[in-house]
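Working notes for the structure below.
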Ligand SMILES: C[S@@+](CC[C@H](N)C(=O)[O-])C[C@H]1O[C@@H](n2cnc3c(N)ncnc32)[C@H](O)[C@@H]1O
């Protein structure tokens, strides 16, 4: 698709007038630089990646660095409520990372600041939205993605719903990659296996990342 998703979602750049220099750089993430990103981006040369679950942007920044180093004209759409997941609210050390102000997490500001700090405003498009609404909005705009990275909710129903809603927007030959295929997230492993069964695709597992390939 040649039209940027940015222009479908935003009337002006979300970075316009944002005081990125007022927020210290803090791209903390989890498994955000796994080799699967470089491998699949090098292979597919994506023009569009949709990330579902961005947090402060570590994985999106990593993918943007790879795309730029390969000279690929790629847009990365970051779908996140930027309000945190169950774990962020329940595990004390993650709760402090939400940086609540008047009861509201400030994750979005941190994410924007990190993107501005690394200079990837031209690649990374923020989409501050729930995953289910975002999938339907992207489908409404006939958005087709080369890669979808799933790393939002980690409960069984959340993961299954995200996979199911985002799978149709992947182009033939594209891939869905996901995080946390591990015993400590049984909901992820169950949802990925079940969805794989329904489409007759065996998930590839690489460390704690899972990959579902769409046939051409
Ligand atoms: C594990 S973090 C993402 C980490 C990121 N991919 C990285 O590697 O740095 C999960 C994120 O998913 C978001 N999230 C969870 N459930 C969501 C939902 N239903 N819709 C949108 N975002 C959601 C949370 O706000 C959180 O920022």
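Looking at (1) within 8 Å of the ligand (Cβ to nearest atom); (2) in contact with a strand residue (DSSP E or B) (Cβ under 9 Å, 6 or more places away or on another chain); (3) without any contact (Cβ under 8 Å) to a residue 60 or more places away in the chain, which is the one condition that is false for residue 88?
Result: residue 88 passes all but (2).
Restricting attention to the range 117-136, and to residues there that are free of Cβ contacts under 8 Å to residues at least 12 places away in the same chain and more than 9 Å from the ligand (Cβ to nearest atom), which single residue is farthest from the chain's Cα centre (by Cα)? Even if it seems obvious, please write down each step before you answer.
Step one: filter the range 117-136 for residues free of Cβ contacts under 8 Å to residues at least 12 places away in the same chain, giving 119, 122, 133.
With more than 9 Å from the ligand (Cβ to nearest atom) added as a condition, the list becomes 119, 122.
Values: 119: 18, 122: 17 Å.
If we take residues in the range 117-136 being free of Cβ contacts under 8 Å to residues at least 12 places away in the same chain and more than 9 Å from the ligand (Cβ to nearest atom), then 119 is farthest from the chain's Cα centre (by Cα).
It is to be established whether one or more residues within the range 6-25 are more than 10 Å from the ligand (Cβ to nearest atom) and on the phi > 0 side of the Ramachandran plot.
Step one: of the range 6-25, the residues more than 10 Å from the ligand (Cβ to nearest atom) are 6-25.
Narrowing further to those that are on the phi > 0 side of the Ramachandran plot: 17.
Yes - at least one qualifying residue is present in the range 6-25.
I'd like the full set of residues that are more than 11 Å from the ligand (Cβ to nearest atom) and surrounded by 24 or more Cβ atoms within 10 Å (Cβ to Cβ), limited to the range 68-85.
First, pick out the residues of the range 68-85 that are more than 11 Å from the ligand (Cβ to nearest atom): 68-77.
Selection gives 76, 77.
Restricted to the range 98-125, and to residues that are touching a strand residue (DSSP E or B) at 6+ places or on another chain (Cβ under 8 Å) and farther than 25 Å from residue 43 by Cα, which residue is surrounded by the fewest Cβ atoms within 10 Å (Cβ to Cβ)?
Going through the qualifying residues, I end up with 108.
Tell me, yes or no, whether the range 191-200 has at least one residue that is in contact with a strand residue (DSSP E or B) (Cβ under 7 Å, 6 or more places away or on another chain) and either crowded, with 22+ Cβ neighbours inside 10 Å or modelled with pLDDT under 95 (or both).
Looking only at the range 191-200, we keep the residues that are in contact with a strand residue (DSSP E or B) (Cβ under 7 Å, 6 or more places away or on another chain), and these are 192, 196.
Adding the requirement that they be either crowded, with 22+ Cβ neighbours inside 10 Å or modelled with pLDDT under 95 (or both) leaves 192.
Yes - at least one qualifying residue is present in the range 191-200.
Can you tell me which of (1) under 24 Å from residue 154 (Cβ atoms); (2) surrounded by fewer than 16 Cβ atoms within 10 Å (Cβ to Cβ); (3) without any contact (Cβ under 8 Å) to a residue 60 or more places away in the chain is the one residue 30 doesn't meet?
Looking at each condition in turn, residue 30 falls short on (3).
Among residues belonging to the range 174-202 that are touching a helix residue (DSSP H, G or I) at 6+ places or on another chain (Cβ under 8 Å) and over 26 Å from residue 88 (Cβ atoms), point out the one that is farthest from the ligand (Cβ to nearest atom).
Selected residue: 202.
Would you confirm whether any residue within the range 142-156 is in a loop (DSSP other than H, G, I, E, B), within 16 Å of the ligand (Cβ to nearest atom), under 26 Å from residue 65 (Cβ atoms) and touching a strand residue (DSSP E or B) at 6+ places or on another chain (Cβ under 6 Å)?
Yes, that holds for at least one residue.
The values are calculated or read from the model by the stated rules, or taken from the named source; none is laboratory data. Model, not experiment: these values are computed from the prediction. Cβ atoms come from the backbone with ideal geometry, glycine included; neighbour counts cover every protein chain shown.
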